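See structure below.
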Amino acid sequence: MYQKNLHNKIVELLQQQSLDISKKDSAFFARFIANAKAIESLYLQLYAQHPQCDIIWQQLMQLIITAYQQRPQPFLERDTEKLQQEHWFLSNQLAGMSLYVDRFCGNLQNLQNKLDYFTELGVNVLHLMPLFESPLHESDGGYAVSNFRKVDERFGTLKDLQQLQQKMQKQEMYVMLDIVLNHTSHKHEWAEKAKQGDEKYQHFYYMFNDRHIPDQYDASMPEIFPESAPGNFTYVPECNKWVMTVFHQYQWDLNYRNPEVFMVMLDNIFFYANLGVDILRIDAPAFIWKEIGTTCQNLPQAHAILQLIKCCVEVATPGMALLGEAIVAPKKIMQYFGTGLYVAHECDFAYNATQMALQWDALATQDVRVMLAAQEDLARKPYGTSWITYTRCHDDIGLGYEDNSIRKAGYNPYEHRRYLKNYYSGNIENSPARGTLFSINPKTQDARISGTLASLCGLEAALAKQNEVFIAESIAKILMMQAQTFFLGGLPMLFYGDEVGYTNDYTYLSDPGKSYDNRWMHRPLIDWIKNEKRNTVGSIEYQIFAQTQQLLQIRKQLPVLSDYSNITWLTPHNIHVAGFMRSYGSERIYALFNYSNKAAYITWHAFKEHVPVPKKLFNYINQQVYTVGADYEYLILPPYDIALLALQEQY
Ligand code: GLC
């Protein structure tokens, strides 16, 4: 609702600071007015009861203005370009890769010389895993930040990062970085001051004198790393207090009940925006609000904080899209796109963790019914938002999708998950997968799965046996898994190393800073001699790289693959084949994936359910044209095959 007082206040503030609201800064002014009421009501929803509410409100208004004033000219221009494109990030022209700079090529300077590698593959968005200062052996891969503004010496300097960004922008590439919102390292200046007894900073965290309140929280909070970091609180001997540590003991949870915490973290968000970040990955947003008696995940206040961040970013630095890394149950993930008044106004992106896990489910069972059963929830994604689609990332694979989807497919959820865990950890005779269980909860037997794409698809085992047939089969599986994420709708995010088939790296076991966390087995140290083999025709690296490249090229040729929320899953005609249709205007594409190790038969009837009915279909994968036959005839897909069929002629 429009509010005149707020309007006048903003005009006054902007004029005081010599902003030109009628010309140069008019778009900023318009965005401010459009979002002002939402910003105020979200802020009050969170902080109306706080004694510093008014003072910090003034500071918040000022922070938004300062962030805009400090925005470098090239980013202001890029903001305008992106806004003109309307939802720039839905485009089929984007494809990403997530990587650890040090493990990929040493440091940020070297990365500048590797940009051609990404272009060659067809990747133009880079997710650089956390780069900011983090204690070496207590870093959680950089997710325990001790200084949000200082690039860790391991990677280089802030200047190196800025140079890289500039070079990427020139080459029309995009940067994605993390903001680790939920916690800081116990070595962060705020934590150090809290340890020394500084009350102001003790209020930055959830700190308590004894176990009384921690026990109440613990009663309903699950454990994230039950093996390596059981419990949710850690004793701090320096100040004789208990601090909340949901993840590792060295990661202290920030207290967003304190508006000052919100302010300093928003300031950090703007700092990243003004470094030229195109997509900000908000780490672990599900956890940012805590309430005794709840799981302390996905609470309404956590959503209010994200909505507030979204509104502020939209005003000051609108070219930066937000990705919420909420790896939670499917229905809960959907809420991160915003609900109620804030539909499509919270996170622009979320990880399609459900689909990712369901592809692994289908690969193990050779049955796509659980995947299909879950689509009803995922289809609710609002227009204007998008998925990060992926097969692997730096984290484990959780099997957290709904029991109901498993039941609908006719399986018992407990037994089904047990099978998957055994399959991927190599505990089933003849299972080709080489993974390891991660974070087994001794109380519930819940566990997640670690392992690279190649090892989980059977390449490690096939290489050990020197079995050519199994090698070929594992490569087909790798490509099919990737292809589905490329064509599904969303921004595909490859994980570095997967493009040339890295298998598990077990050297983490002899590193004391890593051995407690088996996720390191799938975070490879790149060996450029291996990556060079992508140029040796016939090598495994060549086969995977060239075909990944081809799949990405196909994606870029077809605007219908942009994420216009334009996916319709096909009625299953064969339980081994996942199939969906993507349509936009008169364009239509059918994508089919055979999850079985045998040829699969799809009746041509499957293509006749939607008008116009196709007469001829062109398969972009093998360049063949098919004539759509009678209902008793079939399209035959070889084992682990992909078909991407475009409407050519219609009846
Ligand atoms: C996110 C990261 C994960 C990390 C956790 C704690 O889930 O992806 O790697 O351990 O947050 O920061």
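Checked against the criterion of being over 27 Å from Leu561 (Cβ atoms) and either part of a helix (DSSP H, G or I) or within 16 Å of the ligand (Cβ to nearest atom) (or both), segment 81-98 contains not a single residue that satisfies it. If the condition is being of a type outside the set (Val, Ile, Thr), at negative phi and buried (at least 21 other Cβ atoms within 10 Å of the Cβ), then segment 284-296 contributes Pro285, Ala286, Phe287, Trp289, Lys290. The helices (runs of 4 or more DSSP H) found entirely in segment 439-488 that carry 3 or more residues being in contact with a helix residue (DSSP H, G or I) (Cβ under 9 Å, 6 or more places away or on another chain) and among the β-branched types (Val, Ile, Thr) are 468-487. Inspect all residues belonging to segment 285-293 and state whether any of them is modelled with pLDDT of 95 or more, outside any loop (DSSP other than H, G, I, E, B) and not small (Gly, Ala, Ser). Yes: one or more hits. A search for C-beta distances below 7 Å between a residue of segment 271-284 that is under 14 Å from Leu131 (Cα atoms) and any residue that is surrounded by fewer than 24 Cβ atoms within 10 Å (Cβ to Cβ) and aromatic (Phe, Trp, Tyr), counting only pairs 6+ apart in sequence or on different chains, returns Leu280/Tyr272; Asp283/Tyr143. Quick check on segment 635-651: of everything there that is in contact with a helix residue (DSSP H, G or I) (Cβ under 7 Å, 6 or more places away or on another chain) and in a strand (DSSP E or B), which residue is surrounded by the fewest Cβ atoms within 10 Å (Cβ to Cβ)? Among residues in segment 635-651 that are in contact with a helix residue (DSSP H, G or I) (Cβ under 7 Å, 6 or more places away or on another chain) and in a strand (DSSP E or B), the one surrounded by the fewest Cβ atoms within 10 Å (Cβ to Cβ) is Leu635.
Taken together, Thr365, Thr385, Thr391 contain a single residue that is within 16 Å of the ligand (Cβ to nearest atom) and either hydroxyl-bearing (Ser, Thr, Tyr) or more than 16 Å from the chain's Cα centre (by Cα) (or both), which is Thr391. Scanning segment 506-535 for residues that are assigned to a loop (DSSP other than H, G, I, E, B), without any contact (Cβ under 8 Å) to a residue 24 or more places away in the chain and closer than 20 Å to Gly106 by Cα yields a count of 3.
Mind checking whether some residue in segment 106-125 is outside any helix (DSSP H, G or I), within 16 Å of the ligand (Cβ to nearest atom), in contact with a Cys (Cβ under 9 Å, 6 or more places away or on another chain) and not polar (S, T, N, Q)? Within segment 106-125, none of the residues are outside any helix (DSSP H, G or I), within 16 Å of the ligand (Cβ to nearest atom), in contact with a Cys (Cβ under 9 Å, 6 or more places away or on another chain) and not polar (S, T, N, Q). Cβ separations smaller than 6 Å between residues 6+ apart or across chains give the following pairs from segment 557-568 residues that are within 19 Å of Ile621 (Cα to Cα) to residues that are of a type in the set (Ser, Thr, Tyr) and outside any helix (DSSP H, G or I): Val560/Tyr584; Ser562/Ser91. Number of residues in segment 142-190 that are closer than 27 Å to Arg257 by Cα and either within 15 Å of the ligand (Cβ to nearest atom) or in a loop (DSSP other than H, G, I, E, B) (or both): the value is 18.
Among the residues of segment 513-551, those identified as in contact with a Gly (Cβ under 6 Å, 6 or more places away or on another chain) and closer than 17 Å to Gln482 by Cα are His522, Ile540, Ile544, Gln549. The single condition among (1) within 16 Å of the ligand (Cβ to nearest atom); (2) more than 19 Å from the chain's Cα centre (by Cα); (3) not acidic (Asp, Glu) that Met129 does not satisfy is (2).
Of all residues in segment 122-150, exactly one satisfies the criterion of being crowded, with 20+ Cβ neighbours inside 10 Å, more than 15 Å from Asp178 (Cβ to Cβ) and of a type in the set (A, V, I, L, M), namely Val123.
Contact map, segment 320-334: residues that are away from the ligand (no atom under 13 Å from the Cβ) paired with residues that are among the polar types (S, T, N, Q), Cβ distance under 6 Å, separation 6+ or inter-chain. Pairs shown: Pro330/Thr354; Lys332/Asn298. Among Val264, Val243, which is modelled with pLDDT of 95 or more and either within 15 Å of the ligand (Cβ to nearest atom) or surrounded by 18 or more Cβ atoms within 10 Å (Cβ to Cβ) (or both)? Exactly one of Val264, Val243 is modelled with pLDDT of 95 or more and either within 15 Å of the ligand (Cβ to nearest atom) or surrounded by 18 or more Cβ atoms within 10 Å (Cβ to Cβ) (or both), namely Val243. When the helices (runs of 4 or more DSSP H) confined to segment 313-392 are screened for residues that are among the small types (Gly, Ala, Ser), those reaching at least 2 such residues are found at 353-365, 369-378.
The values are calculated or read from the model by the stated rules, or taken from the named source; none is laboratory data. The shown structure was predicted, so the numbers you read here are calculated from the model rather than taken from an experiment. Cβ coordinates were reconstructed from backbone atoms using ideal geometry, including for glycine residues, and neighbour counts include every protein chain displayed.
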